[in-house]
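Q: I have a structure I would like to understand better, so I am pasting it below and will then ask my questions one at a time.
None of the figures in this text is laboratory data; all of them are computed from the coordinates on show. Since we're looking at a predicted model, the values are computed, not measured. Here the Cβ is made from the backbone with ideal geometry for all residues, glycine too, and neighbour counts use every protein chain on show.
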2 protein chains.
Amino acid sequence: MKPAVTYELLHECKQTGARRGIIHTPHGDIQTPVFMPVGTQATVKSLTPEELKEEVKAEIILSNTYHLYLRPGNKLVKKAGGLHKFMKWDRPILTDSGGFQVFSLGDLRTIEEEGVYFKSHLDGSKHFFSPESVMEIENDLGADIIMAFDECCPYPSTYEYTKKSMERTTRWAARCKAAQKDAQNQALFGIIQGGFYKDLRKQSAKDLIDLELPGYAIGGISVGEPKEEFLDILKYTTPLMPKDKPRYLMGVGTPDYLIEAAIAGIDMCDCVLPTRIARNGTAMTWNGKVVVRNNTYSEDFTPLDEECDCYTCKNYTKAYIRHLIKANEILGVRLLSIHNLRFLTKLMERVKIEIEQDNLLNFKNEFYNKYGY
Amino acid sequence: MKPAVTYELLHECKQTGARRGIIHTPHGDIQTPVFMPVGTQATVKSLTPEELKEEVKAEIILSNTYHLYLRPGNKLVKKAGGLHKFMKWDRPILTDSGGFQVFSLGDLRTIEEEGVYFKSHLDGSKHFFSPESVMEIENDLGADIIMAFDECCPYPSTYEYTKKSMERTTRWAARCKAAQKDAQNQALFGIIQGGFYKDLRKQSAKDLIDLELPGYAIGGISVGEPKEEFLDILKYTTPLMPKDKPRYLMGVGTPDYLIEAAIAGIDMCDCVLPTRIARNGTAMTWNGKVVVRNNTYSEDFTPLDEECDCYTCKNYTKAYIRHLIKANEILGVRLLSIHNLRFLTKLMERVKIEIEQDNLLNFKNEFYNKYGY
């Protein structure tokens, strides 16, 4: 059986490990490397699907299993005809497994071999996630790419803890594969864990690859560690992943990390950062971060970013956006969200061109200088 | 000199006092009777100008002098090139005078003959509004229609208090006219006060008409009184207003009040209601109010309003909108705001047709039955 999602390699950068490709999914193709906006609760915060397509030019979005399971409930989404229909998004969707969210609940959860017992952050009600139940939830949601239920270690964690956790993640991945309901329409991706221990990363990659899943992700980095450690594990782990399948780095969304991920050979990234900092009144621009909320911009009648082609930059001034944010007006969040997401998709458009031209390393240096890293 | 704003009468309804007309302004024509969405802080809450034009089909919006004076400040708006340019709205704008807002401050303000001393609701800082200062502020903002600085009595008020207040409002209107800076591009409208005393309403109308202003409004009703009292004063006062000038009823936005206003011969209304109830999860529909937040709609996969042509109703289900509102997602507020505003502009489109066909009274009865009044 042909998997629901396949990877087509177009070009490998001669300067770096980066690759230009296409991910084929049941809801259309994705040009990679790609940045995926996050729509946690079946909406990319503040935006419509049309804005995501026409202004942000998003090719795929991510949604969160944990949140949708709790509210409105996966059975309701299923009744609505699945997540695509429920939220009116007809391009690809990836759902995470809820693993990261339930482990982030701290005292509110207990991990057992069979799964995780946890209390809802909304109302304290009791719940249980297992590889099998998560496969059912993700099937109800109906995304194109579904993530295996994994355990994400906190940073830092001991070798012993990380090893046990990684091994359980592998066993859970096998249970996910066995429990998966519709491999013809949904591609199950495994998540390589192993914290900051290379031998564990190697073991995790090997064991998961043996499961012959249609795609693989790196989890458990970009979780608070110094950038050098992030880069070290990223550069070590990515080449261990299959060349003929999509490679996804979870939870990465700063411009420098996105470029580094592409350089390492990653195809997909996601992060809530662009919409989260929008709500705080901050823009990412080709000249670095602009905290438009600051008084400096009160009489600045120029756009956020002169080089940007988004709706916000074509129509509004920093002074107006600042006013909206200071006055707690929703339109301010909308305008900054459109811009920040478009900034990242535009960055990835540029990264794709630089890969095709075997020039990604030069671009990285240029960008770091300009953006101020 | 030709006033900045003129009224053209197209047709008078043979069933009611209603009139179909056009208000000509420096930023284009307005087909009347019209409902004006409110953009208090230089934004109609949650929407873009394009949405207001294309989805809501708004022909004019209102903005609030008090709020803009405090934040971002009228001088900043002036530097931006005026309110139209600041917020990217190229159709007509009406600014109120701040009268209603400062009187609503209660203990935070003191009324004198020269003007009103008040403290900002934002930071407690001290300010002073007079007819002259308000004319300067409204000139800085640059709306097409600017309202005279008036005093709005609370409901109920004694005859003595209402009389004194009404007489001061007339003196302030004369001072506004004398202080007005740019009558060629901005039309100053007077506000008829007099509370719920007909002789005072008559006196107010007469004295203000003597000032020969280009338009008139009714203030001080729809302030909490029973509907019969509202209708009584509305029906008494509207015929006192000049036939050859626009007639504006301030602060009215429920469907029944809008229809009653049109029947009485009113041309313009405004209200924050449609966007305010949107934020609470409530929709106005052709079958009455729908509190979409309610559990009843959790699995309702039909649109808010089958008869509506708005973006929201063409694309989304009640179940999805309910989910967004329950999850505090901005998109929920956006979708309900678009719908509620479109409901009212659509209602006024219908009212215009019924006036042209001399059928407004029949339509009112039909609508009251259907909507449940």
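Q: May I ask you to evaluate 6.51 cos²θ - 1.76 cosθ + 1.60, the Karplus curve with θ = phi - 60°, for each residue of the stretch B:9-26 and list the ³J(HN,Hα) values in order in whole Hz, giving x for glycine and proline?
A: 7, 9, 6, 10, 5, 7, 8, 9, x, 5, 9, 9, x, 10, 9, 8, 10, x
Q: Could you list, in their original order, any pairs among A:LYS45/A:LYS198; A:LYS2/A:LYS227; B:LYS198/B:LYS289; A:LYS206/A:LYS346; A:LYS45/B:LYS45 whose Cα atoms are separated by more than 27 Å?
A: Cα-Cα > 27 Å for A:LYS45/A:LYS198; A:LYS2/A:LYS227; B:LYS198/B:LYS289; A:LYS206/A:LYS346; rest within.
Q: Can you tell me which of B:THR169, B:THR48, B:THR25 moves the most in a GNM of chain B? Springs connect C-alpha atoms under 10 Å apart.
A: B:THR48
Q: Sticking with this one: Just how large is the dipole of the stretch A:1-126 about the Cα centre, in debye to the nearest 20, putting +1 at every Lys and Arg Cβ and -1 at every Asp and Glu Cβ?
A: The calculated dipole for the stretch A:1-126 is roughly 280 debye.
Q: Also, I was wondering about something else. If you build a Gaussian network model of chain B, linking Cα atoms that sit under 10 Å apart, which residue out of B:GLN193, B:GLN31, B:GLN184 swings the most?
A: B:GLN184
Q: Let me ask you something else. For the stretch A:81-165, compute the number of Lys pairs whose alpha carbons are separated by less than 30 Å, excluding pairs fewer than 8 positions apart on the same chain.
A: Close lysine pairs under the 30 Å cut-off: 6.
Q: So, one more: Can you give the convex hull volume of the alpha carbon atoms of the stretch B:134-258 per residue, in Å³?
A: So the per-residue Cα hull volume is 105 Å³.
Q: B:GLU356 to B:ALA183: FRET efficiency via 1/(1 + (r/R0)^6), r the Cβ-Cβ distance, R0 35 Å, to the nearest 0.05?
A: About 0.60, to the nearest 0.05.
Q: What shape does the protein assembly as shown have by the C-alpha gyration tensor, where a ≥ b ≥ c are the square roots of the eigenvalues, rounded means a/c under 1.5, and otherwise prolate means a/b greater than b/c and oblate the rest?
A: Here the protein assembly as shown falls in the prolate category.
Q: Of A:LEU105, A:LEU213, A:LEU341, which has the largest mean-square fluctuation in a 10 Å C-alpha GNM of chain A?
A: Maximum fluctuation in the GNM of chain A, among the listed residues, is at A:LEU105.
Q: Still on this structure, I have one more. Taking H placed 1.01 Å from N in the peptide plane, check which residues at least 5 places from B:ASP358 or on another chain put their amide H under 5 Å from its amide H.
A: B:LYS14
Q: I would also like to ask the following. Out of every Cα-Cα pair in chain B, what percent are more than 33 Å apart?
A: Every Cα pair in chain B considered, those over 33 Å come to 28 percent.
Q: Karplus couplings for the stretch A:153-169 from phi (6.51 cos²θ - 1.76 cosθ + 1.60, θ = phi - 60°), rounded to Hz, Gly and Pro as x?
A: My calculation for the stretch A:153-169 gives 6, x, 9, x, 10, 6, 4, 4, 4, 5, 5, 4, 5, 4, 5, 5, 4 Hz in order.
Q: Can I ask one more? Please say if the stretch A:1-57 is rounded, prolate or oblate, where rounded means a/c under 1.5 for a ≥ b ≥ c the square roots of the C-alpha gyration tensor eigenvalues, and otherwise the choice is prolate for a/b larger than b/c and oblate otherwise?
A: Here the stretch A:1-57 falls in the oblate category.
Q: What fraction of the DSSP beta bridges in the protein assembly as shown is antiparallel, stated in percent and rounded to the nearest 5?
A: 50
Q: Residues of B:66-78, mean number of Cβ from any other protein chain within 10 Å of their own Cβ, rounded to a whole number?
A: Partner Cβ neighbours, averaged per residue: 2.
Q: Per residue Cα convex hull volume for the stretch A:240-373, in cubic angstrom?
A: Enclosed volume per residue, from the Cα hull, is 109 Å³.
Q: Counting only DSSP beta bridges with both residues in the stretch A:212-349, tell me the antiparallel percent, nearest 5.
A: Within the stretch A:212-349, antiparallel bridges account for around 40 percent of the total.
Q: While we're here: For chain A, take the longest principal axis of its alpha carbons; what is the angle in degrees between that and the long axis of helix A:255-264, to the nearest 10 within 0 to 90?
A: Its long axis makes an angle of about 50 degrees.
Q: In addition: For A:GLU349 paired with B:THR158, estimate the spin-label separation in nm (one decimal), with each label point 7 Å from Cα along the Cα-to-Cβ line.
A: Distance between the two pseudo-spin positions: 7.0 nm.
Q: Would you list the P(r) distribution for the stretch A:239-305, with all Cα-Cα distances sorted into 10 Å bins from 0 and each bin expressed as a whole %?
A: The calculated distribution, bin by bin, is 18, 38, 24, 15, 5, 0.
Q: For the stretch B:120-162, what does the alpha-carbon gyration tensor say about shape, rounded, prolate or oblate, given a ≥ b ≥ c as the root eigenvalues, a/c under 1.5 as rounded, and a/b over b/c as prolate?
A: oblate
Q: Here's a follow-up. Amide H neighbours of B:HIS11 under 5 Å, at least 5 residues apart or on other chains, H built in the peptide plane: list them.
A: Amide H neighbours of B:HIS11: B:ARG20.
Q: Further question on the same structure: Kindly state, to the nearest 0.05, the FRET efficiency for B:THR296 paired with B:ASN365, given R0 = 35 Å and r defined as their beta-carbon distance.
A: According to the calculation, E is roughly 0.75.
Q: To the nearest 500 deg cm²/dmol, what mean residue ellipticity at 222 nm is calculated for the protein assembly as shown from DSSP H runs of n ≥ 4 alone, each contributing -39,500 (n - 2.57), summed and divided by the residues?
A: For the protein assembly as shown, the value works out to -12000 deg cm²/dmol.
Q: Quick query: amide H of B:VAL291 versus all other amide H atoms, modeled in the peptide plane; which residues come in under 5 Å with a sequence gap of 5 or more or a different chain?
A: B:ALA283
Q: On to the next question. Can you pull a Stokes-Einstein diffusion coefficient for the stretch B:45-163 at 20 °C (1.002 mPa s), Rh from Kirkwood over Cα pairs, as a whole number of µm²/s?
A: Roughly 139 µm²/s, to the nearest whole number.
Q: Tell me, what is the Rg over Rh of the stretch B:96-174, with Rh the Kirkwood radius over Cα pairs?
A: A ratio of 0.97.
Q: Each residue of the stretch A:121-134 in order: what ³J(HN,Hα) in whole Hz does its phi give by Karplus 6.51 cos²θ - 1.76 cosθ + 1.60, θ = phi - 60°, with x for Gly and Pro?
A: Along the stretch A:121-134, the couplings run 6, 7, 9, x, 5, 8, 9, 9, 10, 10, x, 5, 5, 5 Hz.
Q: In peptide B:40-46, what is the residue-averaged number of other protein chain Cβ atoms found within 10 Å of each Cβ?
A: The shielding value for this peptide is 5.
Q: For A:LYS326, go through the aspartates and glutamates and keep the ones whose alpha-carbon is under 19 Å away, minus same-chain ones fewer than eight residues off.
A: Candidates past the 8-residue exclusion: A:GLU299, A:ASP300, B:ASP123.
Q: Every cysteine in chain A with no other Cys Cβ under 4.7 Å from its Cβ, please list them in numeric order.
A: When partners are defined as cysteine Cβ atoms under 4.7 Å apart, chain A leaves A:CYS13, A:CYS152, A:CYS153, A:CYS176, A:CYS269, A:CYS271, A:CYS310 without one.
Q: Ranked by Cβ crowding within 10 angstrom, fewest neighbours first, how are B:TRP286, A:TRP172 ordered?
A: The most exposed by this proxy come first: B:TRP286, A:TRP172.
Q: Report relative contact order for the stretch B:11-120 in percent, whole number only (criteria: Cα-Cα under 8 Å, sequence separation at least 6).
A: Relative CO of the stretch B:11-120 lands at 21 percent.
Q: Next question, about the same structure. Taking the Cβ of B:PHE301 as the center, what net charge do the other residues with Cβ under 13 Å away carry, scoring Lys and Arg +1 and Asp and Glu -1?
A: +3
Q: Please give every one of the aspartates and glutamates within straight-line cross-link reach of B:LYS245, meaning a C-alpha to C-alpha distance under 17 Å, and leave out same-chain neighbours fewer than 8 residues apart.
A: Counting by Cα, and skipping residues close in sequence, B:LYS245 has these aspartates and glutamates nearby: B:GLU8, B:GLU12, B:ASP29, B:ASP144, B:ASP207, B:ASP210, B:GLU212, B:ASP267.
Q: Within 10 Å, Cβ to Cβ, of B:ILE218, how many net charges do the neighbouring residues add up to if Lys/Arg are +1 and Asp/Glu are -1?
A: Value of the local net charge: +2.
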